[in-house]
Structure formats: C-alpha cells, structure tokens
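One structure is given here, and the rest of the page talks about it.
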Amino acid sequence: MQKYVIDILLGLNLIGVIYLAIRVSYSNKFDSQQNLHQKVNENHKQITREITELKIALNHFHKTFKQETEQWRSERQALVATIEATRKANNGQNLLLNDRYKEIFDLQDQGLSVDQIAKKLEKGAGEVAFILQLAAQVRP
C-alpha cells in the first residue's frame, strides 16, 4: 500500500510540476503580448504626433505658397502693364524712325550690304551703319 501512496504522490507531484511549467509558459507569453501591445500603443501615439506636426507644416507652406502666388500675380500684372506702355511709346518712335529712313530699311530687307546702301542713297557708310544699329536696338 505504501507503494501505491508513493506512486500517487509522485503522480500528483508530476502533475504539479507540469501545471507550474504551463503556468510559467502562459505567463511569459502573456507578458510578451502585453509588452508588444504597449509598444504598438507607443508607436501609434508617436505616429499621431508626427502626423499632426506634418499637417501644421503643410498648412503653413500652403498659406505661404498662396501669398507668394498672389504677390507674383500682382507683380506680373504690373510688369505686363509696364511692357505694354513701353511698347506703345516705342511704337510711335519706331514709326517716325521707319518713315524717315524707310529707304535704308527697304534696301536692307532686300539683302543689300551697308556699303551698297550707302552708295545707292549717296550717304556715308558710317551713317547708314549707325541708323541700322539704332533701329536694331529699338525694334522688338
């Protein structure tokens, strides 16, 4: 009978050891799951903060971009107006220049050289060259 009691006690002891091993294993798994869950939560909070900071930065850049665009538009309009006024003013000067030296420009358009134009119109080559240089600067 003592043998049976010892066998029973040994069996119960073995069951106790197995129970403790399972409990420790489950506890370790539970702890690592908790650690993993905690890390996931920390990462989520950090990502949320970074996204918020990015949204703020994007809003700032968007406002700056809008302001710069409006400024560029107004500067462009002013520049276009200045160019148009200059063209109108120069156009009057060009008409006077073109009428006065029409023969020189016509001969140049026909492909004649400065010397040929000067000879044909009985003017100096320097005078013809000077007129053509001025016209080249004024013409668009």
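Laboratory data are not the source of any read-out in this text; all were calculated from the coordinates shown. All figures in this text were calculated on a predicted structure; none of them were measured in a lab. Methodologically, a virtual Cβ is constructed for each residue, glycine included, from the backbone with ideal geometry; neighbour enumeration extends over all protein chains shown.
Overview of values
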| read-out | value |
| --- | --- |
| Taking L10, L107 and counting other C-beta atoms within 10 Å, the order from fewest to most | L10, L107 |
| Gain in span if fully extended, R73 to D115, counting 0.36 nm per residue against the direct Cα distance | 10.2 nm |
| D106/E84 FRET efficiency (R0 22 Å; Cβ-Cβ; nearest 0.05) | 0.15 |
| About the Cα centre, charge dipole magnitude for region 101-140 (Lys/Arg +1, Asp/Glu -1 at Cβ), debye | 40 debye |
